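K.L.:
Have a look at this one.
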Amino acid sequence: MMTEDVDAKPIKVVLADDHSVVRRGLRQVLDGEGGFEIVGEATNVESARDAVRVEHPDVLVLDLNMPGGSSLDAIHELRAECPRTQIVILTMQSEPAYARRALSDGALGYVLKDAADEELVEAIRLAAVGESYLNPRLGARVAAEPATGSSDGLSDRELAVLRLVALGHTNTEIADQLFLSVRTVETHRAHIQQKLNLRARSDLVRYALKHGLIETW
């Protein structure tokens with residue numbers, strides 16, 4: 001359990017979100033709480049990298065859906081480059097797959113934007129001392145989701161693509177949801193069909209149902 005120290009230095013934070021109104025709102029929340037110092041802002045993935053490299057913040061608050069590359073891919077890269085900077089994801093993405101990947105790649109917090117006012121402060125404070133935070137509602141879904149370990153030789157990413165294919169999403173929709181290019185999704189689909197020796201979407205749906213990949217909560 002954390003204890004507060006009135007003499008502690010403020011937690012240095014970089015805010016990365018491509019919407020100025022969101023960053024302004026986050027500033028107001030953190031300024032209102034006290035104990036935080038906003039040392040930088042970023043509007044895309046590359047400027048987030050630059051801000052972390054220059055400012056060496058304690059915590060980077062990172063939106064998943066920003067221009068300039070995949071924020072999910074950036075998590076592992078940022079942690080490798082700047083291990084003292086912890087990462088808290090702030091996003092509208094409530095799918096358990098995103099939370100699983102973000103946390104497995106090194107993020108310590110995953111906060112949904114609709115609960116930011118109540119949860120962001122706690123998530124940042126926990127991350128600053130090396131502890132994790134996951135939105136409670138999402139945490140329940142993550143726990144209930146079938147494990148995404150390798151099945152019949154499929155990688156975690158291929159299982160994620162398969163799940164979305166089975167749910168009826170197009171390649172473009174899958175690319176948007178997983179922050180991939182359409183060509184990469186097409187490649188994953190080809191590998192899935194080859195590994196499973198299945199060609200029709202109906203066969204992929206049956207496979208997904210049999211293996212619990214599209215169970216509902």
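Coordinate-derived values only; no laboratory data. Quick caveat, the model's predicted, so the values are computed rather than measured. All Cβ positions, glycine included, derive from the backbone under ideal geometry; neighbour counts span all protein chains shown.
K.L.:
From the helices alone, meaning DSSP H stretches of at least four residues, give me the mean residue ellipticity at 222 nm for the chain, per-run term -39500 (n - 2.57), in deg cm²/dmol to the nearest 500.
P.N.:
Only helices count here, giving -15500 deg cm²/dmol.
K.L.:
GNM, the chain, Cα, under 10 Å: largest mean-square fluctuation among Ala80, Ala16, Ala99?
P.N.:
Fluctuation is largest for Ala80.
K.L.:
So what is the relative contact order of the range 52-142, in percent, for Cα pairs below 8 Å that sit 6 or more residues apart?
P.N.:
28
K.L.:
Which of the listed residues, Asn65, Thr91, Gly130, is farthest toward the dipole's positive end in the range 11-142, when Lys, Arg count +1 and Asp, Glu count -1 at the beta-carbon?
P.N.:
Gly130
K.L.:
Looking at the range 156-210, I'd like the Rg to Rh ratio, where Rg is from alpha-carbon atoms and Rh is Kirkwood's inverse mean 1/r.
P.N.:
Rounded to two decimals, Rg/Rh equals 0.93.
K.L.:
Averaging sequence separations of C-alpha pairs under 8 Å and six or more residues apart, then dividing by the length of the range 162-211, give the relative contact order as a whole percent.
P.N.:
45
K.L.:
Given Cα pairs under 8 Å that are at least 6 residues apart, what percent is the relative contact order of the chain?
P.N.:
That works out to 14 percent.
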